[in-house]
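Got a structure for you, questions after.
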Amino acid sequence: MQSFPRALVVMGVAGCGKTSVAQALVARIGGRLIEGDAFHPAANIAKMRAGIPLDDADRHGWLAQLGAELAACVAVGERPVLACSALKRRYRDQLRRAVPELGFVFLELSRAAA
């Protein structure tokens, strides 16, 4: 029998359908959706609204909070599915430190499809 991760991250670039796919997975497995964008602090939101890209320092605390949320869900027996870009390996590694058995679903679209 195949083993499935205790938690999942649906990852990809902006606009690729992360939230839609995460919602479908949650419905299928009876999981809990965690929308990564809802956890950004006000400073990050202000930067993004101004068209300023977030850097690694901006994302560190946000990823820590997402990792804590994933771990808390797993601790009470939930199956969390996080919609989050997580494009850099160091971001995925940070999330994996919070939940070592974390799985990732990478959504990749061609430029024509985007």
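Of all residues in the stretch 1-48, how many are among the aromatic types (F, W, Y) and modelled with pLDDT of 95 or more?
Count: 1.
Please count how many residues of the stretch 71-114 are touching a residue at least 60 places away in the same chain (Cβ under 8 Å) and open to solvent by 20 Å² or more (accessible area, probe 1.4 Å).
Qualifying residue count, the stretch 71-114: 12.
For the stretch 1-22, enumerate the residues that are touching a residue at least 40 places away in the same chain (Cβ under 8 Å) and assigned to a helix (DSSP H, G or I).
K18, T19, V21, A22
Moving on. Please find, within the stretch 46-70, the residue that is most open to solvent (accessible area, probe 1.4 Å) out of those that are without any contact (Cβ under 8 Å) to a residue 12 or more places away in the chain, part of a helix (DSSP H, G or I) and farther than 17 Å from T19 by Cβ. Give the steps one after another, and end with the answer.
If we filter the stretch 46-70 for residues that are without any contact (Cβ under 8 Å) to a residue 12 or more places away in the chain, which is where we start, we get 46-55, 57.
When the remaining residues are screened for being part of a helix (DSSP H, G or I), the result is 46-49, 57.
From what is left, the residues that are farther than 17 Å from T19 by Cβ are 46-47, 49, 57.
Values: A46: 61, K47: 52, R49: 205, A57: 82 Å².
Here the residue is R49.
Suppose the filter is over 19 Å from G15 (Cβ atoms), surrounded by 15 or more Cβ atoms within 10 Å (Cβ to Cβ) and touching a helix residue (DSSP H, G or I) at 6+ places or on another chain (Cβ under 8 Å); does L33 pass it?
Judged against the criteria, L33 is not a match.
Filter the stretch 19-44 for residues that are farther than 18 Å from Q94 by Cβ and in contact with a Cys (Cβ under 8 Å, 6 or more places away or on another chain) and give the result.
Listed by number, the list holds a single entry, R32.
Just one of (1) open to solvent by 20 Å² or more (accessible area, probe 1.4 Å); (2) of a type in the set (A, V, I, L, M); (3) within 18 Å of L107 (Cα to Cα) trips up A42, so point out which.
(3)
The values are calculated or read from the model by the stated rules, or taken from the named source; none is laboratory data. Small disclaimer: the values here were computed from a predicted structure and weren't measured. Reconstructed Cβ throughout: ideal geometry from the backbone, glycine too, with neighbour counts over all protein chains shown. Just the protein is used for accessible areas: all its heavy atoms, side chains included, with ligands, DNA and RNA removed. Shrake-Rupley method; radii C 1.70, N 1.55, O 1.52, S 1.80 Å.
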